[in-house]
Amino acid sequence: MITLGHYVMLSALLFIIGVAGVLTRRNAIVILMSIELMLNASNLAFVAFSRFHGLLEGQVISFFVIALAAAEATVGLAIVVAIFRKQGTIDLGHFKFLRG
């Protein structure tokens, strides 16, 4: 039987993998995918708590998180493509022109 603890553990594991991806990688696409992984981990936790407590709020919040993730992916990919066209790389170490 799958309990709430199993879902929370899986969600925490996915979130930790996402944080590790953001902190250790230099590729902008991989960082965007890691952020998506963290958002999906939070969605899993919201839906699991909602399901096990018989509430609907967690599922509604997960829809907002999905919309946020779609907007983040769209804007992030557009910025990465624009920078790739100008610089020819998506390595964040080469983005010194973004510093103020």
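The values are calculated or read from the model by the stated rules, or taken from the named source; none is laboratory data. Only a predicted model underlies this, so the values are computations on that prediction, with no experimental measurement involved. Cβ placement follows ideal geometry from the backbone for every residue including glycine, while neighbour counts extend to all protein chains displayed. Heavy atoms of the whole protein, side chains included, go into the accessibility calculation; ligands, DNA and RNA do not. Shrake-Rupley method; radii C 1.70, N 1.55, O 1.52, S 1.80 Å.
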Taking segment 89-100 and keeping only residues that are part of a loop (DSSP other than H, G, I, E, B) and farther than 13 Å from Ala28 by Cα, one is left with Arg99, Gly100
Here the residues within segment 1-39 that are within 18 Å of Gln59 (Cα to Cα) and surrounded by 15 or more Cβ atoms within 10 Å (Cβ to Cβ) are Tyr7, Val8, Leu10, Ser11, Glu36, Leu37, Met38, Leu39
Apart from one, (1) in contact with a strand residue (DSSP E or B) (Cβ under 8 Å, 6 or more places away or on another chain); (2) free of Cβ contacts under 8 Å to residues at least 40 places away in the same chain; (3) hydrophobic (A, V, I, L, M, F, W, C) all hold for Ile90; the odd one out is (2)
Regarding Thr74, is this residue surrounded by fewer than 11 Cβ atoms within 10 Å (Cβ to Cβ) and among the β-branched types (Val, Ile, Thr)?
yes
### Task
For segment 40-49, state whether one or more residues are of a type in the set (S, T, N, Q), assigned to a helix (DSSP H, G or I) and open to solvent by 60 Å² or more (accessible area, probe 1.4 Å).
yes
Inset, instruction - For segment 49-57, indicate whether the set of residues that are modelled with pLDDT under 95 and aliphatic (A, V, I, L, M) is non-empty. - result: yes
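A quick yes/no check of all residues on (1) under 17 Å from the mean Cα position of the chain (by Cα); (2) among the aromatic types (Phe, Trp, Tyr):
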| position | (1), (2) |
| --- | --- |
| Tyr7 | no, yes |
| Gly18 | yes, no |
| Val47 | yes, no |
| Ile66 | yes, no |
| Ala69 | yes, no |
| Glu72 | yes, no |
| Ala82 | no, no |
